[in-house]
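The values are calculated or read from the model by the stated rules, or taken from the named source; none is laboratory data. Keep in mind it's a predicted model, so treat the numbers as computed, not measured. Cβ coordinates were reconstructed from backbone atoms using ideal geometry, including for glycine residues, and neighbour counts include every protein chain displayed.
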Amino acid sequence: MKKLLFFAVFTVFAMSTSFAQDEDGGGDATSQGTWLVEINTGFGEVSGSGTAFMLRSIDGNTAYALGAEAGYFVIDDLALKAGLGYGDSGADGVDGTFNWKFGGKYYIAGQFPIGVDINGASGNSFSPMFLGFQAAYAWFVADNVSIEPGLRYGMGMNDDADLMTGDNGIFGVNIGFNIYFN
């Protein structure tokens with residue numbers, strides 16, 4: 001786990017030095033009063049769970065998830081966020097799950113977002129809940145559009161989450177696509 005954490009920190013640092021940007025990163029995009037709409041891809045997430053876009057097919061079993069998140073910057077660089085999604089594991093006789101997320105996202109120096117959230121799913125009398133941590137790099141391709149490659153860890157908060165992950169939690173890699181509205 002220590003090697004994985006070191007690799008994550010090194011990756012975020014390497015990405016931050018490899019992209020040329022203005023000194024203020026996102027600048028006005030992360031200022032107070034701005035709205036944020038975010039769509040993520042999910043790699044390494046649990047099948048059919050989350051507020052990200054995911055499609056996976058293994059041995060003829062196709063799982064998918066659809067979702068999005070929105071937030072509002074209550075102060076410069078700090079957004080409060082909520083997300084909704086729907087996922088289906090593709091397993092026979094198992095209905096899909098409704099997924100939700102509430103949390104905050106803080107942009108260090110306007111371009112290094114870190115986030116903490118509570119997220120979960122419900123369906124089929126199964127309701128796992130996680131405490132999520134995320135770190136990324138916001139590459140602003142326009143004044144109001146960013147691409148955010150990031151790392152995410154979800155720590156199980158109840159018995160249903162432990163059934164999905166054991167006691168190890170969920171580690172994932174994602175790419176976020178964000179639009180900021182002033």
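Hey, among Phe171, Phe177, which residue is farther than 23 Å from Phe73 by Cα, part of a strand (DSSP E or B) and aromatic (Phe, Trp, Tyr)? Can you show your working first?
Numbers: Phe177 fails: farther than 23 Å from Phe73 by Cα.
After applying the criteria, what remains is Phe171.
Filtering the range 100-142 down to residues that are assigned to a loop (DSSP other than H, G, I, E, B) and of a type in the set (A, V, I, L, M), which residue is farthest from Gly90 (Cα to Cα)? Can you show your working first?
Our first condition is that a residue be assigned to a loop (DSSP other than H, G, I, E, B); within the range 100-142, this holds for 109-111, 124-125, 127-128, 137-138.
Cutting the leftovers down to of a type in the set (A, V, I, L, M) gives us 109, 138.
Working: Ala109: 41, Ala138: 33 Å.
Looking at the filtered set, the residue picked out is Ala109.
Can you list residue pairs whose Cβ atoms sit under 8 Å apart, with the first residue in the range 116-143 being hydroxyl-bearing (Ser, Thr, Tyr) and surrounded by fewer than 17 Cβ atoms within 10 Å (Cβ to Cβ) and the second being at pLDDT 85 or above and in a loop (DSSP other than H, G, I, E, B)? Count only pairs 6 or more apart in sequence or on different chains.
Listed by first residue and then by second, the contacts come to Ser127/Asn158.
List the number of the failed condition for Gly71; all other conditions in (1) farther than 17 Å from Glu148 by Cβ; (2) modelled with pLDDT of 90 or more; (3) in contact with a strand residue (DSSP E or B) (Cβ under 6 Å, 6 or more places away or on another chain); (4) not hydrophobic (A, V, I, L, M, F, W, C) hold.
With (1) farther than 17 Å from Glu148 by Cβ; (2) modelled with pLDDT of 90 or more; (3) in contact with a strand residue (DSSP E or B) (Cβ under 6 Å, 6 or more places away or on another chain); (4) not hydrophobic (A, V, I, L, M, F, W, C) applied to Gly71, the lone miss is (1).
Only residues that are more than 11 Å from Lys101 (Cβ to Cβ), in contact (Cβ under 8 Å) with a residue 40 or more places away in the chain and part of a strand (DSSP E or B): list them for the range 59-88, please.
From the range 59-88, those more than 11 Å from Lys101 (Cβ to Cβ) are 59-66, 72-80, 86-88; that's our starting set.
If we keep only those that are in contact (Cβ under 8 Å) with a residue 40 or more places away in the chain too, we end up with 73-77, 79, 87-88.
Matches in the range 59-88: Phe73, Val74, Ile75, Ala79, Gly87, Asp88.
Right, Phe102: surrounded by fewer than 14 Cβ atoms within 10 Å (Cβ to Cβ), closer than 15 Å to Leu36 by Cα and in contact with a Lys or Arg (Cβ under 9 Å, 6 or more places away or on another chain) or not? Can you show your working first?
Details: surrounded by fewer than 14 Cβ atoms within 10 Å (Cβ to Cβ): yes; closer than 15 Å to Leu36 by Cα: yes; in contact with a Lys or Arg (Cβ under 9 Å, 6 or more places away or on another chain): yes.
Against the criterion (surrounded by fewer than 14 Cβ atoms within 10 Å (Cβ to Cβ), closer than 15 Å to Leu36 by Cα and in contact with a Lys or Arg (Cβ under 9 Å, 6 or more places away or on another chain)), Phe102 qualifies.
Could you please let me know if Thr97 is buried (at least 18 other Cβ atoms within 10 Å of the Cβ), at pLDDT below 95, of a type outside the set (Gly, Ala, Ser) and under 12 Å from the mean Cα position of the chain (by Cα)? Spell out the reasoning first.
Numbers: buried (at least 18 other Cβ atoms within 10 Å of the Cβ): yes; at pLDDT below 95: yes; of a type outside the set (Gly, Ala, Ser): yes; under 12 Å from the mean Cα position of the chain (by Cα): no.
Taking the combined requirement at face value, the residue does not satisfy it.
Give me the pairs: first residue in the range 100-114 and free of Cβ contacts under 8 Å to residues at least 40 places away in the same chain, second residue part of a strand (DSSP E or B) and hydroxyl-bearing (Ser, Thr, Tyr), beta-carbon distance under 9 Å, and six or more apart or on different chains, which are they?
Listed by first residue and then by second, the contacts come to Pro113/Tyr106; Pro113/Tyr107; Pro113/Ser146; Ile114/Tyr106; Ile114/Tyr107.
Quick check on my filter: what residues within the range 39-51 are modelled with pLDDT of 85 or more and either among the hydrophobic types (A, V, I, L, M, F, W, C) or farther than 15 Å from Gly132 by Cβ (or both)?
Step one: of the range 39-51, the residues modelled with pLDDT of 85 or more are 39-41.
Those that are modelled with pLDDT of 85 or more and either among the hydrophobic types (A, V, I, L, M, F, W, C) or farther than 15 Å from Gly132 by Cβ (or both): Ile39, Thr41.
Working only within the range 144-168, note down all residues that are surrounded by fewer than 14 Cβ atoms within 10 Å (Cβ to Cβ) and in a loop (DSSP other than H, G, I, E, B).
Asn158, Gly166, Asp167, Asn168
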